[in-house]
Amino acid sequence: MKKTIIAFGLSAVLLLAGMEAPAFAHHGDKKLADPLVDLTILLAPPPAQDSEQTRADIKELKNYQMTRTKDQVAYAQADVEKSVFRFQNVLGEKFTAENLPLTAALFEKALNKTKATADPAKFFFNRPRPYSYDSSLKPAITLDPTPSYPSGHATAGAVMAILLANMVPEKKTEIFKRGWEYAQNRLVGGMHYRSDIEAGRISGTVIAALLLKDKEFLKDFAAAKAELRTVLGY
């Protein structure tokens, strides 16, 4: 199933290269809540609850539950916040909303579009959270009432990492590593199956590709990139 999901995602990205991105709505426009793309036709369905893949995913979550440390739990709890400034541990103490108003505004728009695009797929697939399926799983972070697949946090982490890596390519490796940690913390916290976060990474890649093809978004992106690089000294 993992290979199937990945194949669907890569095919989608290749198709998107020739697609015209939908216009990116400005903040306050009612279209801001419109999805960028229908993920239900790009993602493979989640593994069946009685499948070998789901059993393997649950086994992994039980292992995290037995081995996670207080520091790991604290990190996962902090990463519940969907904010680009969770990447401060990579980009340094100057990377704050107060120092970077244009960057903050850009990522607020990007995350709004990410949620608007991922949420319809969540409710379409309607996969139960792992702790709802197996009562022996005890999440270590705030419960989320939405369905499990694809992971919204993994999707957001991929979008943020891709945009940031295009702003500060000097830190590309570290940024992508942090984006993966952001997704991985959903496993540490017991909130998602691994197949959820893999689908989220694919979803985030598709969303970021569309954002970076949109002319209006690219104007804001250029201004935010210039601000960010100036503040960080690049």
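Is it the case, given these coordinates, that TYR64 is over 21 Å from TYR133 (Cβ atoms) and either in contact with a strand residue (DSSP E or B) (Cβ under 6 Å, 6 or more places away or on another chain) or modelled with pLDDT of 95 or more (or both)?
For TYR64, the condition - over 21 Å from TYR133 (Cβ atoms) and either in contact with a strand residue (DSSP E or B) (Cβ under 6 Å, 6 or more places away or on another chain) or modelled with pLDDT of 95 or more (or both) - is not met.
Which condition does SER132 not pass, out of (1) at pLDDT 95 or above; (2) more than 21 Å from GLU81 (Cβ to Cβ), if it passes all the others?
(1)
Name the residue, out of ALA97, ALA74, that is of a type outside the set (Ser, Thr, Tyr) and in contact with a helix residue (DSSP H, G or I) (Cβ under 8 Å, 6 or more places away or on another chain).
The conditions single out ALA97.
Working carefully through the options LEU218, LEU211, find the one that is farther than 14 Å from PHE87 by Cβ, aliphatic (A, V, I, L, M) and free of Cβ contacts under 8 Å to residues at least 24 places away in the same chain.
Matching residue, one of LEU218, LEU211: LEU218.
Can you pull out the residues in the stretch 53-82 that are over 17 Å from MET191 (Cβ atoms) and not in a helix (DSSP H, G or I)?
Answer for the stretch 53-82, where residues must be over 17 Å from MET191 (Cβ atoms) and not in a helix (DSSP H, G or I): just THR69.
The values are calculated or read from the model by the stated rules, or taken from the named source; none is laboratory data. Since this is a predicted model, take the numbers as computed values, not measurements. Cβ: placed from backbone, ideal geometry, glycine included. Neighbour counts: every protein chain shown.
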